[in-house]
Amino acid sequence: PNRSLSSNMGFKFNKFFNENASLSDRNWVSLPYHTTYPLVTTLTADLSIAGNPLTKVTNLRNEQYFENWIWDPDFLEWYGVNFPIDSGRAYEMETIEDTVLYLLGWDNPNGYITLNENPTATDRNWVSIPYNANYASASAITGEYSPVGNPLTKLTNLRNEQYYENWLWDPDFLEWYGVNFTVERGRGYEFETIRDTVWRPSRYANNFNE
């Protein structure tokens, strides 16, 4: 048999963006680990040059502050903080319609994702899980990386309807509980940690028989 292990080959992914007219139209988006976008300006210039379909891209910084890149419909231009696009970081993108955008990039089989703890704030990290990661659910991530609530204590999913669902560590009963949500390709997630650390996600290893 021939074996094809995880690789860094380039790919195109069709990412669905959901619009919720009664709420905020937010999507936590997982970008490929490596893309051709060094800055958020290059991302919107490619995916939404005139504020359609994306109207806002938000970054959650390590210090727990938000920085935004926003479309101005009056002056017909983007403005705000032109933040860098970092490998392993997810972003919040708002859309004006249900749509599909094509994301191009490539993976790093040995790539590490940095998780930051901020003792004066909430310790949140928006994490971009690799597209070929080997996880079907939140419990698969915590079972491998943080089975006893160290370093992760909480995973959060932002659903299409704009509701949150959480998978949390209970330090009293020493167990994980909550919604064991499905991990979907292209969706970013919020990780909370009790210390600065790094995570190396597991990737698929595909087997092919001649």
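Quick note: the coordinates plus some simple rules give every number you see, no bench work behind them. Everything numeric here is computed off the predicted structure, so don't read it as measured data. Cβ coordinates were reconstructed from backbone atoms using ideal geometry, including for glycine residues, and neighbour counts include every protein chain displayed.
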The ³J(HN,Hα) series, computed from each phi in the range 102-110 with the Karplus coefficients 6.51, -1.76 and 1.60 at θ = phi - 60°, rounded to the nearest Hz and given as x for glycine or proline, is 9, 9, 10, x, 8, 9, 10, x, 10
Which order do the peptides 132-140, 67-75 take when ranked by the mean count of other beta-carbon atoms within 10 Å per residue, highest first?
-> 132-140, 67-75
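Determine the relative contact order of the chain: mean sequence separation of Cα pairs under 8 Å and six or more apart, normalised by residue count, in whole percent.
Dividing the mean separation by the residue count of the chain yields 30 percent.
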Karplus 3J(HN,Hα) series, Hz, for the range 79-91 with 6.51 cos²θ - 1.76 cosθ + 1.60 (x for Gly, Pro) = 8, x, 9, 8, 6, x, 8, 9, 4, x, 9, 8, 9
The chain: calculated mean residue ellipticity at 222 nm from DSSP helix runs of at least 4, using -39500 (n - 2.57) | -2000 deg cm²/dmol
One point scatterer per Cα, no solvent, Debye formula: log10 I(q)/I(0) for the range 110-210 at q = 0.11, 0.17, 0.24 Å⁻¹ comes out as -0.33, -0.77, -1.46
When the chain is reduced to its Cα atoms, the Kirkwood hydrodynamic radius in Å | 18.0 Å
Pull up all non-local amide H partners of Phe17: gap of 5 or more, or a different chain, and H-to-H distance under 5 Å with H placed in the peptide plane.
-> Thr99, Val100, Leu101
Between Asp172 and Ala121, how many nm apart are label points set 7 Å from Cα along the C-beta direction?
-> 2.9 nm
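What is the magnitude of the charge dipole of the range 12-84 about its Cα centre, with +1 placed on the Cβ of each Lys and Arg, -1 on the Cβ of each Asp and Glu, and no other charges, expressed in debye to the nearest 20? Walk me through the intermediate numbers first.
Working: 5 positive and 8 negative charges, 69 e Å.
Its charge dipole is roughly 340 debye.
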Between Glu184 and Thr99, what length in nm is gained on full extension when 0.36 nm per residue of separation is reduced by their alpha carbon distance?
-> 28.9 nm
